[in-house]
1. Normalized C-alpha radius of gyration of the protein assembly as shown, against 2.2 N^0.38 Å?
2. Please work out the C-alpha center-to-center distance from the range B:70-96 to the range A:195-262 and express it in whole Å.
3. Just to verify a number: FRET efficiency for residue B:137 and residue B:66, C-beta to C-beta distance, R0 = 25 Å, to 0.05?
4. Using Cα centres only, tell me the gap between the range B:216-239 and the range A:33-112 in whole Å.
5. Shielding of B:267-274 by partners, i.e. mean partner chain Cβ atoms within 10 Å per residue?
6. For the range B:114-234, take the convex hull of the Cα atoms, compute a quarter of its surface area, and give me that in nm², please.
7. Per DSSP helix of 4 or more residues, -39500 (n - 2.57); summed, then divided by the residues of chain B. What does that give at 222 nm, rounded to the nearest 500?
8. Going by amide H atoms built from the backbone, whose H comes under 5 Å of the H on residue B:137, apart from near neighbours?
Amino acid sequence: MSRPMPRASGYFRTDYRRDLGLVETRLEWTSLALFIVALLAFPFLASPFHLDLACQVFLAAIGSLSLMLLTGYAGQISLGHAGLLAAGAFTVGILFREVQAPFWLTLPAAALVGGLLGILFGLPSLRLRGLYLAVSTLALHFVVVYLGGEYETRRGFSTGITIDPPQIFGRALTSNRAWYFILLVFAAATLLICVNLLRSRTGRAWGAIRARETVAEALGIGVAGYKLLAFVISSAITAVAGALFAYYRGFVSVEAFSLFLSISYVAMTIIGGMGSLLGALLGAVFVTLFPYVIEAGLLALPGAQRYAGQLFAVNYSAFGLVMILFLVFEPLGLVGIWHRIQAYFLLWPFKHRPLSGSRK
Amino acid sequence: MQLIVNIVVLAAIYALISCGYVLVYRVSRVLNLAHGELMMLGAYLLLSTAGLFAGNPMAAIAVALLLSLTVGILVYVLLMRKMTGEMVLAAVLTTVALGILLRGLVVLVWSAQQQNPAQPLAFTNAAIELPGGGRISIFAGILVLVTAATYAVVFAFLRFGRWGVRMRAAGQNPLLAAQRGVNLHAIYALAWSLSTLTGSMAGMLIALDSGLDSTMVIIGLKAFPAALVGGLDSLLGALAGSLIVAAAEVLAIHYIDPLLSDVVPFLVLIAMLAVRPWGLFGTREELDRV
């Protein structure tokens, strides 16, 4: 994978080991170490509410990373992300209710179901592109959610399925702090999987398909296979995210997996910045925290009690507005802003990068 | 007999809504996923004007229609105009975001409770016995007639009207049309306003028939498979697609399971996408990349 990060001074990779390294300079090492320490220290300092927020961010990050893999890198649009999350969550719910399966069985099962559904979601992509593909995933989302709802009503869980917390070494996982670390590990693992996939043969093939399918085919890339692979991997990760969501909440219901959820995941990739894993993470943080920020802002206004009933509607419209603003004014998303700030300091005191070849 | 009446009424609803999808898509190649919300907004506008012109229902309806026409123009001028020439996906997502924004605003302004604009307008919605043993409510009957009239007018407009010809030209080849002196922005604005107008008519009639709350959006979303099954750029296709989807839905509800109602249109859509992605009457186009 070529590195988009600009480097100010002459940093050269002199052997293959360094070329493969993910963390290169001393500054990167120290900032990474500080970041990890901050992440580890957070649960011991934060209130339960903030801990819950962090857990939600991790869950969203897993989902948005997998969607970024599919949309931002392989170039396949999906509006059915919530359907896949629902599939993962319902796999856990059904296995738990019917055969009391433990979590180390349900999580792989969820990944398997997600992968199989990924083939189903991906099949239209062999024939359809762009808009029509988005529409077909949208339709599949409705089908998956319908099947979930059908299971709920048929088995008499019309309000939803409750799931007991998973048992690890004989202890039930209920504390928020434990969940924080578990979700952190899963999110980090997802990030690592994505990074490594993208800088290997698979990632390069996806990039080629996204750039131009015909050329990719001419280069000897099996377009159909790699497209399906993108769907399968992305869907499997998403389903695991859904399964974790089910365990974390202890409750599964189709109500949670509306079309709005799909849209908010797409919004994460857009607001974060298309074609960037950092963007997926930033988008997940932004979209997850956004409603809480709005709520806090509204309640800080005078006469807060009057707005309390309208909170949901205000959130909804503010979310739509922010999404529009990003689409119209900042299509590169938060990452675009970040890169502009970087470029400003790197090029200082100049404003623009010199044209290549003009330097002697 | 009742089944046939149900199918015809539902098909008319879908046809009137999907007319808006087709108009915008045919002219500007943008899939307007906010159509359901715009339709709902039209119905709520009628609710407001009904309160203002309590004694004069016709004036209330006329003002509401004018307002929704304006809304359509505003949507294009303020928002979609900025997205012309952008990637198809970006434009579609903008409409999705617009839909979310509108849904939030509607709840903010008009509250989420179910309301019925027929009450302030003092309309009653009696059922009529049809020859042959079916029953149809007055507004459902009006809806079928309005749909037929709308399609006739839109057909004639696109076929013979000066602006209609321009709209078709802009849809076929925007660059060439612009070079021949067609004002593309005006054409696109016209398409958006017409689409919002027909959508609002559908919204108002559905609201008069069966009440109004924010779940109306789902009807708008279900009409979209109808447009796609027929072919997104064909009005004739929208009619045929609406009939197919409505028939499938009504029959599935009647013979299999009422819960299926929300999913049947999408099942039909998946089947169609697998067989003939460009729809029954649509033109086969170079399907776009991301």
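Just so it is clear, none of the values below were taken in a lab; they were calculated from the coordinates. Remember, predicted model here, so these are calculated numbers, not experimental data. We place every Cβ from the backbone using ideal geometry, glycine too, and count neighbours over all the protein chains shown.
1. Numbers: Rg = 26.2 Å, N = 650, 2.2 N^0.38 = 25.8 Å.
Cα Rg divided by the expected 2.2 N^0.38 Å: 1.02.
2. Between the Cα centres of the range B:70-96 and the range A:195-262 lies a distance of 28 Å.
3. On the way: r = 27 Å, r/R0 = 1.06.
Efficiency, rounded to the nearest 0.05: 0.40.
4. 35 Å
5. For this peptide, the per-residue mean of nearby foreign Cβ atoms is 5.
6. Details: hull surface 40.0 nm².
Over all viewing directions, the range B:114-234 projects a mean Cα-hull area of 10.0 nm².
7. One gets -23500 deg cm²/dmol as the mean residue ellipticity at 222 nm.
8. B:128
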